[in-house]
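This report refers to the structure that appears directly beneath it.
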Amino acid sequence: MTKPYKPATIAAHAAGEIDAQSGGVVPSIQPSTTFLRDSDYAPLREDNIYSRDNSDNLRQAEAVLRQLEGAEDTLLFPSGMAAIAAVFRTLPNGANVIVQSGIYWGTTAWVRAFCERRGITLHEIAAEGLPDACSSIKADLIFIETPSNPWLKTVDIAHIRSLTSALLVVDATAATPILTRALDHGADIVMHSATKAINGHSDVLAGVLSTRDQAADVWQAICADRKMAGAILGPFEAWLLLRAMRTLPLRVERMSQNAQLLAEFLLAHPRVSDVFYPGLPHHPGHDIAQRQMTGGFGSLLSVLVSGSRKDALQIVGKLQLFLRATSLGGVESLVEHRHTIEPDTGIPENLIRVSVGIEDIDDLIADWMQALAQ
Ligand SMILES: *Cc1c(COP(=O)(O)O)cnc(C)c1O
């Protein structure tokens, strides 16, 4: 699709992908790992040689994401962490990086180990301190996550961009490309765990990187690394992702509405001491979120219940609709006691992280009401 269509149109039509061979309005799955050459030894198709390089299904899913993101180029990876690792692997030994602290724990844990092994100086800086750090430290790469998981801190991407010429990489998983197009705000590369809302059905693991400068050395290095080191998404996963993304704007809209209403309900409840959600006016990042997010504030929120670990676990145990499981962005609502998962990172013992799905909001609120009842 070449017209500047709106996201809902791009998504519903899967960027115009059809199956030209059969006339099917849906692309077929092409699982071949290897592709034919003719009798003169020329490939039947120059871009299909071996499926570690690329495949039609992968290109189709990437085309949708590229258009939604307003990117020059997009690459899918077999997980969000594989996408993050692909960015960091472009750094030379001895580089200097700034990484926001208090973000997705898997990122922090992997980046710490990687930087130590490679002699890279790592500055872990809280969201509030990023503007100062980015103007005073000469960094090769700055990695931010907004809104952050599980604190829901927001970072002003455009402001950070104005302070630095370092490579600016934004993990916008909790925002999705529907609510924030990070490249438009000045990010060089935007990353998402497509495992979360982009797929949205809790049945595909994938990650994605998009760039606003395809010719940049760092992007070319990432392309070469994916191809040669082989961190590639399989055709079946790419096909599932393409299918799921047809409803991405609809799902994100409903989840954001549900999350907003649930956040407001929880904040007003006497057994709740605070709710972290960028859509709440008292949230410290509300102003930034209003500028940077359009159409809602996402599906992720965290609740501080009054009392101790025991109270929090009791409430989590009483929930019936909210499934007790990690992850976020799926059509079904999930709940997680983060301190049990990462006990040593300063997560309060009374914090409950909530991923709000697309169910009926009355059912979601009723579930919390019964779980919070004394
Ligand atoms: C889940 C997640 C990741 C990691 O993605 P995987 O697909 O699980 O590898 C990275 N960042 C954020 C914000 C996430 O929520």
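Where a number appears in this text, it was derived from the coordinates with a stated rule and is not lab data. This is a predicted model, so every value here is computed, not measured. In this analysis, Cβ positions are derived from the backbone assuming ideal geometry, glycine residues included, and neighbour counts consider all displayed protein chains.
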| remark: Ranked by GNM mean-square fluctuation in the chain (Cα springs under 10 Å), the top entry among Ile232, Ile189, Ile347 is Ile347
| query | Not counting the cut sites, what is the longest span of the chain without trypsin sites (Lys or Arg not before Pro) that DSSP labels loop and that have at most 12 other Cβ atoms within 10 Å? | reply | 139-374
| request: Take the alpha-carbon centre of the range 274-337, take the same for the range 346-363, and report the distance between them in whole Å. | output: 4 Å
| Rg(Cα)/(2.2 N^0.38 Å) for the range 250-293, N = residue count | 1.20
| task | List Phe77, Phe265 from most exposed to least, where exposure is judged by having the fewest other Cβ atoms within 10 Å. | result | Phe265, Phe77
| note | From fewest to most C-beta neighbours within 10 Å, the residues Tyr5, Tyr41, Tyr50 line up as Tyr41, Tyr50, Tyr5
| query | Antiparallel DSSP bridges in the range 156-268: what percent, to the nearest 5? | reply | 60 percent
| said: Considering the Cα positions of the range 49-167, please state its Rg to one decimal place and its Dmax as a whole number of Å. | reply: 15.8, 48
| request: Can you quote the Å³ per residue value for the convex hull of the Cα atoms in the range 111-264, rounded to an integer? | output: 140 Å³
| If you take the Cα Rg of the range 287-348 and divide it by 2.2 N^0.38 Å, with N the number of residues, what do you get? | 1.32
| query | Mind listing the phi-derived Karplus ³J(HN,Hα) values for the range 198-215, rounded to whole Hz, using 6.51, -1.76 and 1.60 with θ = phi - 60°, and x for any glycine or proline? | reply | 4, 7, x, 10, 6, 9, 9, 9, 7, x, 9, 10, 10, 10, 9, 9, 5, 7
| field | Sequence of Thr195, Thr33 once ranked by neighbouring C-beta atoms within 10 Å, starting from the fewest | value | Thr33, Thr195
| note | Flagged as over-length at 31 Å C-alpha distance, from Lys153/Lys318; Lys3/Lys196; Lys138/Lys196, the pairs are Lys138/Lys196
| query | Residues in the range 136-177 near a label at Asn96, defined as backbone nitrogen under 15 Å from the 7 Å Cα→Cβ point? | reply | 136-143, 164-167
| remark: From DSSP H assignment alone, runs of 4+ in the chain each adding -39500 (n - 2.57), the sum over residues rounded to the nearest 500 puts [θ] at 222 nm at -11000 deg cm²/dmol
| task | Have a look at the DSSP beta bridges in the chain and tell me what percent are antiparallel, nearest 5. | result | 60 percent
| Reachable aspartates and glutamates from Lys227, Cα under 20 Å, same-chain residues fewer than 8 places away excluded? | Glu46, Asp47, Asp53, Asp56, Glu62, Glu72, Asp73, Asp213, Asp217, Glu237
| On Cα atoms only, tilt of 361-372 relative to the major axis of the chain in degrees | 50 degrees
| task | With no solvent and one equal point scatterer per Cα, compute the Debye intensity ratio I(q)/I(0) for the chain at 0.08, 0.09, 0.12 Å⁻¹ and report its log10, rounded to two decimals. | result | -0.41, -0.52, -0.91
| If one takes the longest principal axis of the Cα atoms in the chain, at what angle in degrees, from 0 to 90 and to the nearest 10, does the Cα axis of helix 217-229 lie? | 80 degrees
| task | First measure r as the distance between the Cβ atoms of Ile49 and Phe236, then evaluate 1/(1 + (r/R0)^6) with R0 = 22 Å and state the FRET efficiency to the nearest 0.05. | result | 0.65
| the chain: angle of helix 248-268 to the longest principal axis, Cα-based, in degrees nearest 10 | 10 degrees
